[in-house]
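The values are calculated or read from the model by the stated rules, or taken from the named source; none is laboratory data. Being a predicted model, the structure only gives us computed values, none of them experimental. Counting neighbours? That spans all protein chains shown, and the Cβs are built from the backbone with ideal geometry, glycine included. Accessible surface areas use protein heavy atoms only, side chains included; no ligands, DNA or RNA. Shrake-Rupley method; radii C 1.70, N 1.55, O 1.52, S 1.80 Å.
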Amino acid sequence: MAWILDLDGVLWLADEPIPGAPEAVARLRERGQRVLFLTNNSSARVGEYRDKLARFGIAVAEDDLVTSAQAAATLLEPGETALVCAGPGVEEALAARGVRTVRDGGADAAVVGWHRDFDYERLTAAARAVWSGARLVGTNDDPTYPTPEGQIPGGGAILAAVATAGGVEPVVAGKPHPPMVALVRERLGGDLDGSMVVGDRPSTDGRMAVALGVPFDLVLSGVTKKEDLPVDPAPARVAPDLAALVN
């Protein structure tokens, strides 16, 4: 059994922890529950995510954190070349997979993820790779990203720009798509009995729960608000935040 927790909108908003979330994780662990952290945000390296969690009082083993960058890397074979239109988290995951990375020129795949320095030059480089035959891989297709000031464009918005320019349909790796599902099953040893997914976005977290065959618990501390209810897929439980859910 595991609590599969999203990060953005569940544990934090940008660099601000959501009140009560670290304490909720501590309560779960005190009860002997395994907690698996799962994020579609591919921008940061695994160590950076672990350091951020540690700053909020949450110690995390490397095997208890799964990112969409890692899921995207499974779609390439060792020895292939990837043009990276993404952050350092994707660079790290591809290197660990044995994939050569470039920022311009031809490649076997163009890998696109959320990053704040996306610009017209990055769009052009990725589109040119696709025009030259590279397959298009997206770490995730979330249209927005939650922050304390509200939503901003997410990785899906960047991916849509490259897909539109390239004239192709991307293969998406993150929640709720098969590469991420396979990684979660691998990390949990295939045993999901009694597990649940906790997230703030039904289109990714909710559908991830459906793909895993486990309940979806919705928190209203991120993208989804009370006025957005009802949502599809329907959650098993709705709570203001993780602290209220773990009572």
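Can you classify region 59-187 as rounded, prolate or oblate using the Cα gyration tensor, where a ≥ b ≥ c are the square roots of its eigenvalues, rounded means a/c under 1.5, and otherwise it's prolate if a/b beats b/c and oblate if not? Can you show the working numbers first?
Numbers: a/c = 1.70, a/b = 1.15, b/c = 1.48.
Cα axes put region 59-187 in the oblate bin.
Once the Cβ-Cβ distance between S132 and V171 is put in as r, and R0 is 30 Å, what FRET efficiency do you end up with, to the nearest 0.05? Please report the intermediate quantities before stating the final value.
Values: r = 17 Å, r/R0 = 0.58.
E between S132 and V171, to the nearest 0.05, is 0.95.
Which percent of the accessible heavy-atom area of the chain goes to carbon and sulfur, probe 1.4 angstrom?
Here it works out to 51 percent.
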- [ ] Only Cα pairs under 8 Å and at least 6 apart count here; give the relative contact order of the chain as a rounded whole percent.
- [x] 21 percent
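Quote the relative contact order of region 177-247 in percent (integer), defining contacts as alpha-carbon pairs under 8 Å separated by 6+ residues. Present the calculation step by step, with values, prior to reporting the outcome.
Working: 96 pairs, mean separation 18.8, N = 71.
In percent, rounded to a whole number, it is 26.
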- [ ] State the extension gain, in nm to one decimal, for the chain segment bounded by A14 and V210, taking 0.36 nm per residue of separation less the distance between their alpha-carbons.
- [x] 67.9 nm
Open item on the list: What distance in nm lies between label points placed 7 Å from Cα along the C-beta direction at Q33 and N247?
Closed with: 1.3 nm
Open item on the list: Here are labelled values, (i) 34, 19, 15; (ii) 30, 18, 16; (iii) 26, 22, 19, and one is the computed semi-axes √(5λ) of the Cα gyration tensor in Å for what I pasted. Which one?
Closed with: (ii)
Task: Dipole of the chain [Lys/Arg +1, Asp/Glu -1 at C-beta], most positive-end residue of A209, V168, G189 - done: G189
Task: Gain in span if fully extended, E62 to D232, counting 0.36 nm per residue against the direct Cα distance - done: 58.0 nm
- [ ] Kindly provide the trypsin sites (Lys or Arg not before Pro) of region 99-153 that DSSP labels as loop, not H, G, I, E or B, and whose Cβ sees at most 13 other Cβ atoms within 10 Å.
- [x] R103, R116
- [ ] May I ask you to evaluate 6.51 cos²θ - 1.76 cosθ + 1.60, the Karplus curve with θ = phi - 60°, for each residue of region 231-244 and list the ³J(HN,Hα) values in order in whole Hz, giving x for glycine and proline?
- [x] 10, 10, x, 6, x, 6, 9, 10, 9, x, 6, 5, 4, 6
Open item on the list: From the phi angles alone, apply the Karplus equation (6.51, -1.76, 1.60; θ = phi - 60°) to region 196-208 and give each ³J(HN,Hα) in whole Hz, x where the residue is Gly or Pro.
Closed with: 8, 9, 10, x, 10, 10, x, 5, 10, 5, x, 6, 5
- [ ] Give the shape of region 141-246 as rounded, prolate or oblate, defined through the alpha-carbon gyration tensor: a ≥ b ≥ c are the square roots of its eigenvalues, a/c under 1.5 means rounded, and otherwise the shape is prolate if a/b is larger than b/c and oblate if not.
- [x] oblate
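Order E91, E149, E48, most accessible first, counting only protein heavy atoms with a 1.4 angstrom probe. List each step's numbers first, then the result.
Working: E91 55, E149 160, E48 80 Å².
In descending accessible area the options line up as E149, E48, E91.
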Task: Amide H within-cut-off set for T101, under 5 Å, with H built and near neighbours excluded - done: A82
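What order do you get for 192-200, 52-60 when each peptide is scored by the mean count of other beta carbon atoms within 10 Å, highest first? Write down the numbers at each step before the final one.
Working: 192-200: 21.1, 52-60: 15.3.
Averaged packing, sorted descending, gives the order 192-200, 52-60.
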TODO: Using only the Cα atoms of region 1-84, build the gyration tensor, take square roots of its eigenvalues as a ≥ b ≥ c, and label the shape rounded, prolate or oblate: rounded if a/c is under 1.5, else prolate if a/b is larger than b/c, else oblate.
DONE: prolate
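Quick check for you: with a 1.4 Å probe and neighbouring chains kept, what is the accessible area per residue of the chain, in Å²?
Values: 10330 Å² over 247 residues.
Ligands and nucleic acids excluded, the result is 42 Å² per residue.
Please get the size of the charge dipole for region 1-144, origin at its Cα centre, with Cβ charges of +1 on Lys and Arg and -1 on Asp and Glu, quoted in debye to the nearest 20. Walk me through the intermediate numbers first.
Working: 15 positive and 22 negative charges, 42 e Å.
For this selection, approximately 200 debye.
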Open item on the list: So if I place +1 on the C-beta of Lys and Arg and -1 on the C-beta of Asp and Glu, and nothing else carries charge, what would the dipole magnitude of region 95-247 be about its Cα centre? I want it in debye, nearest 20.
Closed with: 380 debye
Task: Span from the region 189-218 Cα centroid across to the region 18-32 one, whole angstrom - done: 19 Å
- [ ] Set Lys and Arg Cβ to +1 and Asp and Glu Cβ to -1, take the dipole of region 1-124 about its Cα centre, and tell me which of A73, G105, W12 lies farthest positive.
- [x] W12
